[in-house]
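> The structure under discussion is supplied below as structure tokens; questions concerning it will follow.
Read-outs: derived from the displayed coordinates by stated rules, not from any lab. Just so you know, these numbers come straight off a predicted model, no measurement behind them. Virtual Cβ from ideal backbone geometry, glycine too; neighbours counted across all protein chains shown.
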Amino acid sequence: MEQANIELKENERIDDLQRNGYRIIQNKDKFCFGMDAVLLSGFARVNPGDRVIDLGTGTGIIPILLEAKYDGEHYTGLEIQEEMAEMAARSVRLNGLEEKIDIVKGDICRARERLGLAVFDVVTCNPPYMNDAHGLKNPELPKAIARHEVLCTLEDVVRESAGILKPGGHFFMVHRPHRLIEIISTLVKYKLEPKRMKMVHPFVDKDANMVLIEAVRGGKSMIKVEPPLVVYRDVGVYTDEVYQIYGY
């Protein structure tokens, strides 16, 4: 696929995604995607013809990786920060994916109003994990918005996802294990039934520091707890499963 020439702004760089020759624009002073986004893209599933949206898409990494992997009909990234949305849109153009991916500027808290009810088959989200935003010195910084519940809460994410998902649609999220009880109770409250869960451990002898979870709108009550994912087999060396997710 022919890739466009895109002008970079100050402190921006282009990184190779190791998938389909795709590349992505990032800004080290704003926010770069992390392993959690890559692991979520590896955990999520998209069927042919699905319409997919990533809430709080940031750099646009998840729609781009999912498009590289699956034959969905269309992918959307919703992002509230104008600079981030504009950068993500340039990454879409960089890869010539304008017909498959669009980046929409908008607020997760008003996703139903902005996008409509029951319009997506799949929702993904790598939301802010930390609910201690009151202690931030500058809660409007891009990194703070991405990591702390400054502009949206877990309940906002789940409520709006349930609204924009079709009945039987799938919701995929990466979050922190210490909030698992809250996550599950909030999903059930909004009729998103947890169906799959996978814990992520940095090393085999360390506690889990991420949880991947799939829920189905209106699904029956049954959850499959998958074998855990261990990220590193040695310092700086990924396990084979992680290398496979990264596309090596």
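> 5 Å is the cut-off here: which amide hydrogens, built 1.01 Å from N in the peptide plane, fall below it relative to residue 23, excluding neighbours closer than 5 in sequence?
17
> Return the single residue from 51, 159, 19 with maximal mean-square fluctuation; model: Gaussian network over the chain, springs between Cα atoms under 10 Å.
It is 19.
> At 222 nm, what value in deg cm²/dmol follows for the chain if DSSP H runs of at least 4 each add -39500 (n - 2.57) and the sum is divided by all its residues, to the nearest 500?
-8000 deg cm²/dmol
> Compare the Cα positions of 22, 89, 242 along the charge dipole of the chain (+1 at Cβ of Lys, Arg; -1 at Cβ of Asp, Glu; about the Cα centre) and return the one farthest towards the positive end.
So the residue furthest toward the plus end is 242.
> For the chain, compute the orientation-averaged projected area of the C-alpha convex hull (one quarter of its surface), in nm². Can you show the working numbers first?
Numbers: hull surface 53.3 nm².
Value for the chain: 13.3 nm².
> Also, I was wondering about something else. Compare 102, 15, 50 in a GNM of the chain, Cα atoms joined below 10 Å, and give the one with the largest fluctuation.
15
> Identify the residues of the stretch 176-194 with backbone N under 17 Å of a label point that sits 7 angstrom from the Cα of residue 221 along the Cα-to-Cβ direction, or state none.
181-194
> Let me know the volume per residue of the alpha-carbon convex hull for the stretch 58-117, in Å³.
Once divided by residue count, the hull of the stretch 58-117 is 78 Å³.
> I'd like the antiparallel share, as a percent to the nearest 5, of DSSP beta bridges with both residues in the stretch 12-246. Before the final figure, lay out the partial values.
On the way: 22 of 46 bridges.
Here the antiparallel bridges make up roughly 50 percent for the stretch 12-246.
> Which of 166/198; 166/220; 105/198 have a Cα-Cα distance over 20 Å? Write down the numbers at each step before the final one.
Values: 166/198 24 Å; 166/220 15 Å; 105/198 31 Å.
Result: 166/198; 105/198 exceed 20 Å.
> Next question, about the same structure. Once each part is reduced to its C-alpha centroid, what is the distance from the stretch 87-118 to the stretch 184-248 in angstrom?
Cα centres, the stretch 87-118 to the stretch 184-248: 26 Å.
> Could you size up the charge dipole of the chain around its Cα centre, putting +1 on the beta carbon of Lys and Arg and -1 on that of Asp and Glu, and report it in debye to the nearest 20?
Working: 33 positive and 38 negative charges, 144 e Å.
Approximately 680 debye in magnitude.
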